[in-house]
Amino acid sequence: MRIRLSGNLSTDKTLNSSNISELSDDDVQINHWLRSVACEQDKIAFTRLFKYFAPKIRAHGLQRFQQEAVAMELVQETMMLVWRKAVLYDESKGKASTWIYTVMRNYCFDMLRKIQHGKEETVSDRLWPLLDAEQQDEQKSAADHLLSRSLLSHINSLPEQQKQVVEAIYLKEMTQQELAQHMGVPLGTVKSRLRLAIAKLKSKLEEGHD
Amino acid sequence: MIKFHPSSAMLNDHIAGNLPLSLSVAVSAHIEMCDQCQKAAQKLESSQAEQLWQTGNEEPVDFSDMLHDILAEQPEITCKAPNKPEAMIEVAQQHYRLPVALSIFSDLKWSRLGPVSRARVINNENEVRANLLHIGKGASIARHQHKGYELTLLLDGSFSDEKGSYHKGDFIFLDGAQAHAPYSEKGCLCYVVQNAPLYFVAGVSQVLNPLAGLLY
């Protein structure tokens, strides 16, 4: 018998090497840059992202709004959000280039409403809710799977740092953000520790049930 | 089980940000309730992104001031878990939790016509109007058709018409030619978008036509 940890576990996609091999070289590079911005506020990585995307966003803005100033506002606001909110990007949900597209799409939508109807309020964040909100539910359902007794024993055999993360998130139901704050480490560190721990637990479980 | 979904063209427009707000609200709320469309939406997002970024002959522009300004800002190091906005409403003594997209409408003002309650949420987007519509137990709306389209997203409960029965999450798009008379045995709550007034087509209820404005 083969036990799958959880079909929708948010780390599945990154663990699955067949998905990784579908990424083009550009995609791998862009993911890497955005991860460096998210985890280390890396200005060089952001500069590379900026040089890659700014001209493309401007071209899209020009095509859509036919005005240089508006197109430049779109570049400015999209890339500002990418810089400031990079930490919200969750690699297991999709490519970095897709995430940047959604940031631009959302800003575009609110901008268009402002131009056409004079509406100032932002609604896009609720039409395309941030993937983070969903993640909480997934963690809950993952917790159900994880709370089996055999798993508890495997958790104890994890390296200390990974064990802490798994316990806090699945057993104490802390969010990854709360935990990062609590431990005084960047969110990316919590995420990567969790990924390692899940991979380890998964292989242990599979060992035991093959 | 959800049986009625937005067309793939409409889903595509929603993901591209090209639909009017009234319809995007409906598609977004449907996606929240429908796993199948959620998956399709994610695929569309990634393929649209790929297509858009593909272009390769952008004009060279000097962005260095902009880059400098952005890097002067402080990035967020931890993300506050975005609070999932809770949209709870009460209508006809019943409580409902609405999909996130509908939380953009606050201060709902309900008006009641017999067993039917309505709150207008969009009234100024060209000709389009959107309403929340609550139909009480055992109530029906007289047979009517529309000069434009009528989109109904069933948020809770069920109703039926000549063509069949509809359940929570169903996304029902009728164009102007189709007349129908919805009836709800157990009551239901819908989000309805119309782009032209409805008018009643059957016998006696035609005298109601002056009232049709209340339902649109």
If you take every residue apart from A:ALA71 with its C-beta less than 13 Å away from the C-beta of A:ALA71, what net charge results, scoring Lys and Arg +1 and Asp and Glu -1? -2
Förster-model FRET efficiency, 45 Å R0, B:VAL61 and A:ASN156, C-beta, rounded to 0.05: 0.20
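Taking 2.2 N^0.38 Å as the expected size of a compact globular protein, what ratio does the Cα radius of gyration of the range B:1-88 give against it, to two decimals?
Working it through for the range B:1-88, the quotient is 1.51.
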Sequence ranges A:111-122, A:34-45, ranked by mean other-Cβ count within 10 angstrom, highest first: A:34-45, A:111-122
If you rank A:THR98, B:THR78 by fewest surrounding Cβ atoms within 10 Å, what's the result? B:THR78, A:THR98
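In percent, how large is the relative contact order of the range B:1-126, given Cα pairs closer than 8 Å and 6 or more residues apart?
20 percent
Just from its helices, what would the mean residue ellipticity at 222 nm be for chain B, if runs of 4 or more DSSP H residues each count -39500 (n - 2.57) and the sum is divided by every residue, rounded to the nearest 500 deg cm²/dmol?
-7500 deg cm²/dmol
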Would you mind giving the average projected area, over all directions, of the Cα convex hull of chain B in nm² with one decimal? 16.1 nm²
Can you pull the mean other chain C-beta count within 10 Å for peptide A:84-95? 3
What does the net charge come to around B:THR152 if you take all other residues with beta carbon closer than 11 Å to its beta carbon, with K and R at +1 and D and E at -1? -3
Give me the percent relative contact order of the range A:56-110, please, defined on Cα pairs under 8 angstrom at least 6 residues apart. 32 percent
Per-residue average of Cβ from other chains inside 10 Å of B:43-53: 5
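Counting only other chains, what is the mean number of Cβ atoms within 10 angstrom of the Cβ of each residue in peptide B:67-77?
The per-residue average across the peptide is 6.
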Can you work out the FRET efficiency for the pair A:MET183 and A:ILE44, with r the C-beta to C-beta distance and R0 = 25 Å, to the nearest 0.05? 0.40
Quick one: compute the contact order of chain B, relative version, from alpha carbon pairs under 8 angstrom and 6+ residues apart, as a percent. 20 percent
Provide, in order from the shortest bin, the percent of all Cα-Cα pairs of the range B:136-188 in each 10 Å bin, continuing until the bin that contains the maximum pair distance. 26, 58, 16
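The numbers here are math on the coordinates, done by the rules we state, and not lab data. Please read these numbers as outputs of a predicted model, since none were measured by experiment. Heads up, the Cβs are rebuilt from the backbone with ideal geometry, glycines too, and the neighbour counts pull from every protein chain shown.
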